[in-house]
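Student: After the structure tokens below, expect a handful of questions from me.
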Amino acid sequence: MPLSPIGAFARQHDPDRFLCALFAPAPSREALFTLIALNHELARAREATTNPMAALIRLQWWRDAIDEARAGHPPRRHEVAEPLHAAIAARALDPDALLAMADAREAEAQDAIATEQDFVTWLRGTAGGWSAAAGLALGAAPAQAEALRGLGAAYGLAGVLRSVAVHAAQGRCLLPTDRLAQAGLSAEAVVAAPGAPALRGLLRDMAAEGLVALAGAGRDIPPGAIAAALPAVLARRDLARVAAGRPGAVGGRGVADRLAVAWAGWHGRA
């Protein structure tokens, strides 16, 4: 069966989560594809703009689109806003969870993420927010969605650690200022030299801590919501590589990664 336009959008812009979404029950896949697409648009708010204020305006545009859909207003003409409106109108996605995802992205419009606690909050709201919203869409209870939030945050952590050089090329650093300072670094130093030995050591340490946080997680996820937990499979693999000092290329997935997700999805274990 050919993909819908929103499914094709999700596959193009977020192949990791698209692969995970394929293990959702068929009636729920379109909602997950739409959630993937929204997450992509929210993440682009800062990347696609030249200043923080423009990023905040883009985030507000999406909040307004969500609120309008909940209120029953006509959809906005946009390739993601229209299927998003339909999913909210059909109660396939929780608008409060979507608004929380948009709110969490405001941290990216700041000059820096100051503390490690702020960093964790950001991860739990962004990548973690996607997994929690996906879990709710798949019928998970609120407490189960919160467990999924932690798994999603680990995927977000892995993505940040693997993307330091990419972000540096954009003039950005998303690592918390206090952790950088403990390693004798600053955001400016990371942007200037993303391959510095001190930074490599910090990334290894943070990846190892992420693996510890993931240990034993994901065992109480209901089978119907496994697709929301599957990004944690990739997180474990990515964090292990970073902890070993070999993060690999950003954006590329080998056969082993895809097979690991498939095995976990078929067995209902993340």
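Taken together, the values in this text are just the output of simple stated rules run on the coordinates, not laboratory data. Here the structure is a predicted model, which means the values were calculated and not measured. Here the Cβ positions follow ideal geometry from the backbone for every residue, glycine too, while neighbour counts run over all protein chains shown.
Student: Please give, to one decimal in nm, the separation of the simple spin-label points placed at Asp103 and Gln12, each 7 Å out from Cα toward the Cβ.
Tutor: Distance between label points: 3.2 nm.
Student: Separate question: Once fully extended, how much extra length lies between Glu116 and Asp67, figured as 0.36 nm per residue of separation less the alpha-carbon to alpha-carbon distance? Mind showing how you got there, number by number?
Tutor: Numbers: separation 49, 0.36 × 49 = 17.64 nm, distance 3.15 nm.
Full-extension gain reported as 14.5 nm.
Student: Then there's this: For the pair Leu259 and Val166, how long in nm is the line joining their label points, each one 7 Å along Cα→Cβ?
Tutor: 2.5
Student: With a 10 Å radius around each residue's Cβ, average the other Cβ atoms per peptide and rank 241-247, 124-130, highest first.
Tutor: In decreasing order of mean packing, 241-247, 124-130 become 124-130, 241-247.
Student: Can you run the Rg to Rh ratio on the stretch 20-151? Use alpha carbon positions and the Kirkwood inverse-distance Rh.
Tutor: Working: Rg = 14.5 Å, Rh = 15.0 Å.
Taking Rg over the Kirkwood Rh, I get 0.97.
Student: Which whole-number percent gives the relative contact order of the chain, counting Cα pairs below 8 Å spaced six or more residues apart?
Tutor: Numbers: 396 pairs, mean separation 49.3, N = 270.
Contact order relative to length: 18 percent.
Student: Okay, moving on. Treating the angle as unsigned and between 0 and 90°, give the value, to the nearest 10°, between the Cα long axis of helix 116-125 and the longest Cα principal axis of the chain.
Tutor: Around 20 degrees separate the two axes.
Student: If I model a spin label at Ala208 and Asn51 as a point 7 Å from the Cα along the Cα→Cβ vector, what separation in nanometres do I get?
Tutor: According to this spin-label approximation, the distance is 4.4 nm.
Student: Sticking to Cα atoms, compute the Rg of the stretch 52-121 to one decimal and its Dmax as the biggest Cα-Cα distance, whole number, in Å.
Tutor: Cα-based Rg and Dmax for the stretch 52-121 come out at 13.9, 41 Å.
Student: Calculate how steeply helix 231-243 sits against the longest principal axis of the alpha-carbon atoms of the chain, using the helix alpha-carbon long axis, and give the answer as 0 to 90 degrees to the nearest 10.
Tutor: The helix 231-243 is inclined about 10 degrees to the chain.
Student: Listed highest first by mean packing, meaning other Cβ atoms within 10 Å per residue, what order do 53-63, 77-87 come in? Could the numbers behind the result be given before it?
Tutor: Numbers: 53-63: 16.7, 77-87: 18.7.
Final packing ranking: 77-87, 53-63.
Student: Working out 0.36 nm times the residue gap between Ala90 and Arg77, then minus their Cα-Cα distance, what length gain in nm do you get to one decimal? Before the final figure, lay out each step's value.
Tutor: Numbers: separation 13, 0.36 × 13 = 4.68 nm, distance 1.82 nm.
Net length gain for the segment: 2.9 nm.
Student: Per-residue ellipticity at 222 nm for the chain, helices alone: DSSP H runs ≥ 4 residues times -39500 (n - 2.57), over residue total, nearest 500 deg cm²/dmol?
Tutor: On the way: 16 runs with 185 residues, N = 270.
Counting only the DSSP helices, I get -21000 deg cm²/dmol.
Student: Assuming 0.36 nm per residue, please report the length gained on full extension of the stretch Ser186 to Arg44 beyond their Cα-Cα distance. Numbers along the way, then the final one.
Tutor: Working: separation 142, 0.36 × 142 = 51.12 nm, distance 2.43 nm.
Here the answer is 48.7 nm.
Student: How large is the convex hull of the Cα atoms of the stretch 1-63 per residue, expressed in Å³ as a whole number?
Tutor: On the way: hull volume 5.2 nm³, N = 63.
Measuring per residue, one finds 83 Å³ for the Cα hull of the stretch 1-63.
Student: Please report, to one decimal in angstroms, the Kirkwood hydrodynamic radius of the stretch 112-230 built from all distinct Cα-Cα pairs.
Tutor: Kirkwood hydrodynamic radius for the stretch 112-230: 14.9 Å.
Student: Which of the listed residues, Ala228, Ala198, Val255, is farthest toward the dipole's positive end in the stretch 130-270, when Lys, Arg count +1 and Asp, Glu count -1 at the beta-carbon?
Tutor: Val255
Student: Here's another thing I want to ask about it. Based on the Kirkwood radius over alpha-carbon pairs, what is the Stokes-Einstein translational diffusion coefficient of the stretch 84-171 at 10 °C with 1.306 mPa s viscosity, in µm²/s? Kindly include the intermediate steps, with their values, before the conclusion.
Tutor: Values: Rh = 13.7 Å.
Reported coefficient: 115 µm²/s.
Student: Rg and Dmax of the stretch 5-267 over Cα atoms: what are they, in angstrom?
Tutor: Reported Rg and Dmax, both Å: 17.8, 54.
Student: Find how many whole Å separate the alpha carbon centroid of the stretch 158-175 from the alpha carbon centroid of the stretch 182-240.
Tutor: 13
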